[in-house]
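*Asks:* Mind looking over this structure? Questions follow.
The values are calculated or read from the model by the stated rules, or taken from the named source; none is laboratory data. None of the values given here were measured: they were computed from a predicted structure. Positions of Cβ are backbone-derived with ideal geometry, glycine not excepted, and every protein chain shown enters the neighbour counts.
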Amino acid sequence: MSTATTQGGPELPQERRLVTEIPGPRSRELFARKQSAVPPGIGTTLPVFVTHAGGGVVVDADGNSLIDFGSGIAVTSVGNAAPRVVERVRRQVADFTHTCFMVTPYESYVAVCEKLNALTPGDHDKRTFLVNSGAEAVENAVKVARHATGRQAVVVFEHGYHGRTLLTMTLTAKNMPYKHGFGPFAPEVYRAPLAYPFRWPTGPDACAEEAAAQAIDMIDKQIGAENVAAVLIEPIAGEGGFVVPARGFLPRILEFCRANGIVFIADEVQTGFARTGDLFACEDEGIVPDIICTAKGIAGGLPLAGVTGRADLLDSVHVGGLGGTYGGNPLACEAALGVLETIEQDKLVERARHIGEIMLPRLEALKERYPIVGDVRGRGAMVAIELVKPGTTEPVPAGPIAARCHAEGLLVLTAGTYGNVLRFLPPLVMPDHLLEEGLSILERAISQG
């Protein structure tokens with residue numbers, strides 16, 4: 001049995017261990033407290049209350065050890081208590097927890113920005129500023145694009161998810177649960193077709209060309225390219241179901257943006273920081289965004305997000321037009337530096353590719369064996385299956401299979417515009433034997449119909 005050593009916590013055996021039903025009595029007791037103290041709008045995927053986590057497991061209040069295929073929605077890619085992160089945060093918290101970078105700055109904020117300027121795609125001159133969440137990063141990227149171009153319209157895509165603030169909720173495609181009842185929404189947001197190979201009407205081969213042509217035609221006819229400040233897209237659609245756009249689609253959209261002075265914004269909140277087998281998902285097709293938004297995996301679980309982009313765009317904003325009280329908190333900045341050290345020194349980009357090499361063939365085998373699995377997709381350690389009625393594209397809800405996995409001690413997440421996708425985001429530090437065991441649990445759950 002392997003163990004994961006976490007500074008600040010015990011060695012966690014890297015094993016699935018069930019000592020009670022899931023959830024157990026202590027978690028049920030805590031969940032009852034949650035229901036009386038927290039509004040029901042804050043949902044819960046699996047109501048087990050965690051006491052320790054690391055490597056590829058989370059341990060709950062009843063002593064159960066569950067295999068983690070969620071990583072806190074792609075946040076704890078380097079682990080839940082990665083030693084370099086823990087040590088940096090421990091040192092920083094003893095020095096100071098906050099000053100506000102806009103009042104009296106500190107070096108770690110600058111160091112994170114320098115790293116993001118160097119690591120994000122493109123060798124052009126860049127600037128970065130830091131905020132607290134993915135939604136905040138996206139909202140600020142749109143602010144910058146509008147200010148720099150003097151235009152107002154923003155184009156997003158079907159199946160996209162960008163956050164829960166007023167603007168990012170508007171940018172998000174799916175009504176329930178993200179938008180329902182929360183209108184009216186922000187103006188000047190337009191939605192274009194996404195190249196979704198599994199569901200494209202004329203089939204996957206024509207998907208990229210046709211979807212790009214439709215999107216460009218929509219922009220030209222309905223908006224006018226000269227009125228568009230930004231095109232915003234996830235290189236792999238996250239909450240929309242891990243939809244990998246057909247190859248050629250993103251380069252064609254980028255080419256159109258370049259030709260028309262439109263800012264191309266890549267939302268890499270879920271796909272960034274080695275998750276897909278590249279440091280950033282847009283590298284797969286050589287996409288160099290004008291602005292890139294990062295969050296989730298950037299700081300190992302501490303709230304941090306970044307907006308990185310062309311210097312001429314970000315430098316166009318007046319003093320005081322960007323910022324926020326907590327943006328780039330020193331604890332989160334130190335955590336981010338620890339994350340980036342861990343990714344580089346532990347070769348987690350390569351590790352993500354290795355995880356994909358384990359998971360994708362086994363998922364493809366499930367597709368061959370069980371017709372309910374209509375599609376397998378993803379890259380690296382960001383992969384998914386889409387569930388359908390056999391021989392059709394009619395969605396089959398993913399919830400029942402997820403519930404069976406949870407009962408056996410495998411934490412999985414659902415996704416998709418139609419609620420029929422099981423998505424898998426294991427920590428990049430998860431040992432191979434837990435990946436294999438988790439996939440076997442998944443197969444048993446699927447085989448039960």
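*Asks:* If you scan the stretch 297-334, which residues turn out to be part of a helix (DSSP H, G or I), in contact with a strand residue (DSSP E or B) (Cβ under 8 Å, 6 or more places away or on another chain) and closer than 19 Å to G238 by Cα?
*Replies:* I298
*Asks:* Could you run through the stretch 175-201 and say how many residues are more than 17 Å from V243 (Cβ to Cβ) and either out of contact with any helix residue (DSSP H, G or I) (no Cβ under 7 Å at 6 or more places or on another chain) or without any contact (Cβ under 8 Å) to a residue 24 or more places away in the chain (or both)?
*Replies:* Result for the stretch 175-201: 13.
*Asks:* Consider only pairs whose beta carbons are under 6 Å apart and that are at least six residues apart or on different chains; among these, list those whose first residue lies in the stretch 23-44 and is in contact (Cβ under 8 Å) with a residue 24 or more places away in the chain and under 25 Å from R164 (Cβ atoms) and whose second residue is surrounded by 10 or more Cβ atoms within 10 Å (Cβ to Cβ) and polar (S, T, N, Q).
*Replies:* So the pair list comes out empty.
*Asks:* Let me ask something additional. Would a scan of the stretch 362-385 turn up a residue that is assigned to a loop (DSSP other than H, G, I, E, B), under 22 Å from the mean Cα position of the chain (by Cα) and not small (G, A, S)?
*Replies:* For the stretch 362-385, residues assigned to a loop (DSSP other than H, G, I, E, B), under 22 Å from the mean Cα position of the chain (by Cα) and not small (G, A, S): absent.
Per-residue answers, yes or no, for (1) surrounded by 13 or more Cβ atoms within 10 Å (Cβ to Cβ); (2) within 19 Å of the chain's Cα centre (by Cα):
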| site | (1), (2) |
| --- | --- |
| V50 | yes, no |
| A53 | yes, no |
| V75 | yes, yes |
| G79 | yes, yes |
| R91 | no, no |
| T99 | no, no |
| Y109 | yes, no |
| C113 | yes, no |
| G122 | yes, no |
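*Asks:* Here's another thing I want to ask about it. Taking interchain pairs and intrachain pairs at least six residues apart, which have beta carbon atoms under 8 angstrom, with the first residue in the stretch 257-268 and assigned by TED's automatic domain parsing to the domain that holds I233 and buried (at least 24 other Cβ atoms within 10 Å of the Cβ) and the second hydroxyl-bearing (S, T, Y) and not in a strand (DSSP E or B)?
*Replies:* Correct list of pairs: I262/T149; V263/T149.
*Asks:* On the given criteria, is D62 buried (at least 17 other Cβ atoms within 10 Å of the Cβ), within 30 Å of K347 (Cα to Cα), outside the structural domain of L314 (by TED's automatic domain parsing) and not basic (K, R)?
*Replies:* Criteria not met by D62.
*Asks:* If I ask for residues that are of a type in the set (A, V, I, L, M, F, W, C), in a loop (DSSP other than H, G, I, E, B) and surrounded by fewer than 22 Cβ atoms within 10 Å (Cβ to Cβ), which ones from the stretch 386-410 would you list?
*Replies:* The answer is V396, and nothing else.
*Asks:* Filter the stretch 216-253 down to the residues that are of a type in the set (D, E, K, R) and either in a helix (DSSP H, G or I) or modelled with pLDDT under 95 (or both), then identify the one that is nearest to R151 (Cα to Cα).
*Replies:* Residue satisfying both the conditions and the ranking: E226.
*Asks:* Only one of these conditions is not met by F256: (1) part of a helix (DSSP H, G or I); (2) within 29 Å of G55 (Cα to Cα); (3) over 12 Å from the mean Cα position of the chain (by Cα). Which number is it?
*Replies:* It is condition (2) that F256 fails.
*Asks:* Can you list residue pairs whose Cβ atoms sit under 7 Å apart, with the first residue in the stretch 128-139 being free of Cβ contacts under 8 Å to residues at least 40 places away in the same chain and farther than 18 Å from G72 by Cα and the second being in a helix (DSSP H, G or I) and of a type outside the set (K, R)? Count only pairs 6 or more apart in sequence or on different chains.
*Replies:* Filtered contacts from the stretch 128-139: E139/L167; E139/T168.
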